[in-house]
1. Say whether the condition of being part of a helix (DSSP H, G or I), modelled with pLDDT of 95 or more and of a type in the set (Gly, Ala, Ser) is met by at least one residue in the range 85-98.
2. Just one of (1) at pLDDT below 50; (2) closer than 18 Å to ARG71 by Cβ trips up GLY31, so point out which.
3. Of all residues in the range 49-89, how many are surrounded by 13 or more Cβ atoms within 10 Å (Cβ to Cβ) and either in contact with a Phe, Trp or Tyr (Cβ under 8 Å, 6 or more places away or on another chain) or under 22 Å from ASN103 (Cα atoms) (or both)?
4. Count, please, the residues in the range 66-97 that happen to be of a type in the set (Lys, Arg) and more than 22 Å from LEU43 (Cβ to Cβ).
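The values are calculated or read from the model by the stated rules, or taken from the named source; none is laboratory data. Just so it is clear, the model here is predicted, and its values are computed rather than measured. Please note: Cβ atoms are built from the backbone with ideal geometry, for glycine as well, and neighbour counts cover all protein chains shown.
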Amino acid sequence: MAAAAVPVAAAAAAAAAGSEPAGPGEEAGAGPQCPGPARLARLPLARVKALVKADPDVTLASQEAVFVLARATELFVETIAKDAYVYAQQGKRKTLQRKDLDNAIEAIDEFAFLEGTLD
């Protein structure tokens, strides 16, 4: 019974504080900017697995490997988008354009492997 009381107490404390408690699959500390239960991976894992299996060199892909690839892709897209957004802001825009991505790729060493790929 004590184990069931802890989540209820946590939910009550969170409600009193004005936030939702973190449920299964949610990150603790995800504030009001995350309007629903946050999934661990935002990309559809079935599609990621289909892309992995499209490679003729891959015979098996574990669920963990598919998840790691999906999460790494999300982090990469988030990073390059944030860096490109800086260039959009310099142009007094809120919408990313291809030239913003090109500028981020040229200016940031982490993206050197992408140079010449967006031609």
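1. Yes: the range 85-98 contains one or more residues that are part of a helix (DSSP H, G or I), modelled with pLDDT of 95 or more and of a type in the set (Gly, Ala, Ser).
2. (2)
3. The qualifying residues number 11.
4. Of the residues in that region, 3 qualify.
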